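Dropping a structure here in structure tokens format, bear with me for questions.
Just so it is clear, none of the values below were taken in a lab; they were calculated from the coordinates. All values derive from a computational prediction rather than experimental measurement. Glycine gets a Cβ as well: all are built from the backbone with ideal geometry, and neighbour counts include every protein chain shown.
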Ligand SMILES: C[S@@+](CC[C@H](N)C(=O)[O-])C[C@H]1O[C@@H](n2cnc3c(N)ncnc32)[C@H](O)[C@@H]1O
């Protein structure tokens, strides 16, 4: 069967299953299976694909039609300047989280040799992206999930950062090691009521542990702030991701825990996404 027909068939099936990115997804899956860039598909529409590859494609299209995210089917996701390994046990890195990287790089443009901690590192996308950009920074990452720790270690090795970061499996409550110049966290912050209403792709396929912020969505954020207040050096910075409607409550918590709020940063959709604060 030729490339163009395969893509159209795949796209048609995904459209029937109400996958809005049906054409793109069909192209991405086929280009990955034949190990070529998407442009190759467009330039070679008549090229024949082997039955073996076609059968792998059909299997992936079927899984995608059930809502399984593309990142899970491919086992990888681009974030900032790198490609991260992902699995169903970690949150798929989100483009909105890149706001944290941008913010931290601006904040640290003149800084050298900082020690940074990532609380709830997941795939490692935040701290590893920062370490790649700031060659003399050292990092520590913690996560309560063993699977996240294992996967982030794989990403660390893949990115050649093994000597610049230590990763621990730890509940935030039990981690009391070191003093840091900067703490970054994208904690679970969805309230339990909203959790049920999230997109099917997210609720059915992403780990609840990465999303569930308790009844009010603020349970884990509060833990991050309280712990950071102990682990940050004086004048150290906390950069935390929040939901669009949590700014006021989180700023209050920060003030209560002796933080000065420097700024609230909005995401590409102009929604409040990240708060920068200083331990005073
Ligand atoms: C929203 S995900 C963020 C993952 C990654 N940093 C990112 O931005 O893609 C939150 C992470 O916090 C971890 N986590 C949840 N509760 C935790 C706790 N009590 N202590 C440490 N990590 C926790 C989860 O396992 C998950 O990996």
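Beyond 28 Å, what percent of the Cα pairs of the chain remain?
Counting every Cα pair in the chain, those more than 28 Å apart make up 41 percent.
Same structure again: For region 131-280, build the convex hull from the C-alpha positions and give me its volume per residue in Å³.
Hull volume over Cα atoms, normalised by residue count, gives 131 Å³.
May I ask you to sort 151, 114, 24 by Cβ crowding, counting other Cβ atoms within 10 Å and putting the fewest first?
With the sparsest Cβ surroundings first, the list reads 24, 114, 151.
Can you check what the Kirkwood hydrodynamic radius comes to for region 47-140, Cα pairs only, in Å to one decimal?
15.5 Å
Which whole-angstrom value gives the distance between the alpha carbon centres of region 1-35 and region 258-280?
40 Å
Moving to a separate point now. Bin all alpha-carbon pair distances of region 65-220 at 10 Å intervals from 0 and give each bin's fraction as a whole percent.
Calculated over all Cα pairs of region 65-220, the distribution is 11, 40, 36, 12, 1 percent.
Over region 157-234, what is the relative contact order in percent, taking alpha-carbon pairs closer than 8 angstrom and at least six residues apart?
Details: 71 pairs, mean separation 31.0, N = 78.
Over region 157-234, the number comes to 40 percent.
Only Cα pairs under 8 Å and at least 6 apart count here; give the relative contact order of the chain as a rounded whole percent.
Details: 506 pairs, mean separation 38.5, N = 280.
Computed value for the chain: 14 percent relative contact order.
Further question: Using just the helices of the chain, give the 222 nm mean residue ellipticity in deg cm²/dmol: DSSP H runs with n ≥ 4 each add -39,500 (n - 2.57), and the total is spread over all residues, rounded to 500.
Details: 12 runs with 119 residues, N = 280.
Value at 222 nm, helices only, nearest 500: -12500 deg cm²/dmol.
Here's a follow-up. Give me the distance between the Cα centres of region 36-58 and region 135-182, rounded to whole Å.
39 Å
Moving on. Can you give the relative contact order of region 3-66 as a percent, counting alpha carbon pairs under 8 Å and 6+ residues apart?
Computed over region 3-66, the figure is 43 percent.
Would you calculate the volume per residue, in Å³, of the smallest convex hull containing every Cα atom of region 3-66?
Numbers: hull volume 4.1 nm³, N = 64.
With only Cα atoms used, region 3-66 gives 64 Å³ per residue.
Can you tell me how much longer the chain between residue 4 and residue 268 gets when fully stretched, taken as 0.36 nm per residue apart minus their C-alpha distance, in nm with one decimal?
Result: 91.6 nm gained on full extension.
Please compute, for the alpha-carbon atoms of region 216-268, the extent along each of the three principal axes and give them in descending order in Å.
In descending order, the Cα extents are 30, 23, 15 Å.
Also: So between residue 154 and residue 249, what do we pick up on full extension, going 0.36 nm a residue minus the alpha carbon distance?
30.6 nm
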